[in-house]
Amino acid sequence: MFDRLSRVSLTTAMTVMVIVPVVATIAGVLVVSGFMFTPMMGAALVVCALVGLVTVPFSIMLGRAIARRTMWEREAEAARRQLVAWISHDLRTPLAGIRAMTEALEDGVVSEPGEVAVYAKQIAQEADHLSKLVDDLFQLSRITAGALNLPMHDVALADVVSDVVAASRPVAGLKGVELRGDARTWPVVRGSDPELMRVVRNLVSNAIRHTPEGGAIAVQVDVDGPEAVVRVDDACGGIPEDVLPQVFDVGFRGSSARNPSGAGLGLSIARGLVEAHHGRIHAQNHGPGCRFEVRLPLR
């Protein structure tokens, strides 16, 4: 019996819970009146019918609302567990490397000055990776909690993109990827320089990560009506259409077309920061790869 009840939807259960008392009340009125139709019995039946007409639709709407909330909570919990698992993996990897290298230094396995310097550099790189991951988690927590208060002022968007492209070009060069920047106009928007730079940097870093050697990345700044537009085109090979709506979800790591790497927080943070600037961010397949487009209202 309980197994059958567990398979009944919440909306159906709440509707039945409302209908049963109404039907029982009508049956009681009929029994008390001896199944004789009287004005009082007619009035009682009308009242019961009106109660049913009001409560049944309300119970259906309430049941659906509770069911949606329950489903959302389950999905959120599943996403949280998945994110924790991913973050734990990303934390374990550099921590394991740091631990192994420090133990080698402590045990004297590595003693030559050159080797010690290499190990020290690798430890510093892993520590920097951990620091960036913690920063991403802190930024994401501020965004999701609605605690992101940005100091707004006039920002030349082309300057932001130019600085990010210049800083990212050596990284792209090491991977054999060509990185180009093009500002067709010089739009000015209301925003925060560090956060806008982080948006563009996250998009460019994501493009570099997923573009194979020999590919090219183009970053464009343009104006479309009342909006400033930043487009980042990569050569990742594209994303399946059914996966595209998920690219900005927390923990998204790509698909078979894009090698999964990182904690899956960069695009989520970029979306949160763009929305904090009253803008929009969109992804679509374009040419040999993907196009990530940011639209911000002009000053």
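Does segment 153-171 contain any residue that is out of contact with any strand residue (DSSP E or B) (no Cβ under 6 Å at 6 or more places or on another chain), in a loop (DSSP other than H, G, I, E, B) and either under 30 Å from VAL188 (Cβ atoms) or open to solvent by less than 60 Å² (accessible area, probe 1.4 Å) (or both)? The answer is no, given that none of the residues of segment 153-171 is out of contact with any strand residue (DSSP E or B) (no Cβ under 6 Å at 6 or more places or on another chain), in a loop (DSSP other than H, G, I, E, B) and either under 30 Å from VAL188 (Cβ atoms) or open to solvent by less than 60 Å² (accessible area, probe 1.4 Å) (or both). Across segment 133-152, the qualifying residues are those that are surrounded by 13 or more Cβ atoms within 10 Å (Cβ to Cβ) and free of Cβ contacts under 8 Å to residues at least 40 places away in the same chain, and the one among them that is nearest to ALA235 (Cα to Cα) is ASP135.
Identify, from the list ALA167, ALA145, the residue that is at pLDDT 85 or above and among the small types (Gly, Ala, Ser).
Among ALA167, ALA145, only ALA167 is at pLDDT 85 or above and among the small types (Gly, Ala, Ser).
Selection of segment 172-186 for residues being surrounded by 14 or more Cβ atoms within 10 Å (Cβ to Cβ), in a loop (DSSP other than H, G, I, E, B) and not hydrophobic (A, V, I, L, M, F, W, C) yields only LYS175.
Taken as a whole, segment 232-239 holds at least one residue that is surrounded by fewer than 20 Cβ atoms within 10 Å (Cβ to Cβ) and modelled with pLDDT under 95.
Results for (1) of a type outside the set (Lys, Arg); (2) modelled with pLDDT under 90; (3) open to solvent by less than 20 Å² (accessible area, probe 1.4 Å); (4) within 29 Å of THR93 (Cα to Cα), shown as yes or no for each residue.
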{"site": "ARG190", "(1), (2), (3), (4)": "no, no, no, no"}
{"site": "THR211", "(1), (2), (3), (4)": "yes, no, yes, yes"}
{"site": "ASP224", "(1), (2), (3), (4)": "yes, no, no, no"}
{"site": "SER256", "(1), (2), (3), (4)": "yes, yes, no, yes"}
{"site": "GLU275", "(1), (2), (3), (4)": "yes, no, no, no"}
{"site": "ARG280", "(1), (2), (3), (4)": "no, no, no, no"}
{"site": "GLY287", "(1), (2), (3), (4)": "yes, yes, no, no"}
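The values are calculated or read from the model by the stated rules, or taken from the named source; none is laboratory data. As the structure is a computational prediction, the values presented were derived from the model and not from experiment. With ideal geometry, Cβ positions are generated from the backbone for all residues, glycine too; neighbour counts draw on all protein chains shown. Protein only, heavy atoms only, side chains kept; ligands, DNA and RNA dropped before computing areas. Shrake-Rupley method; radii C 1.70, N 1.55, O 1.52, S 1.80 Å.
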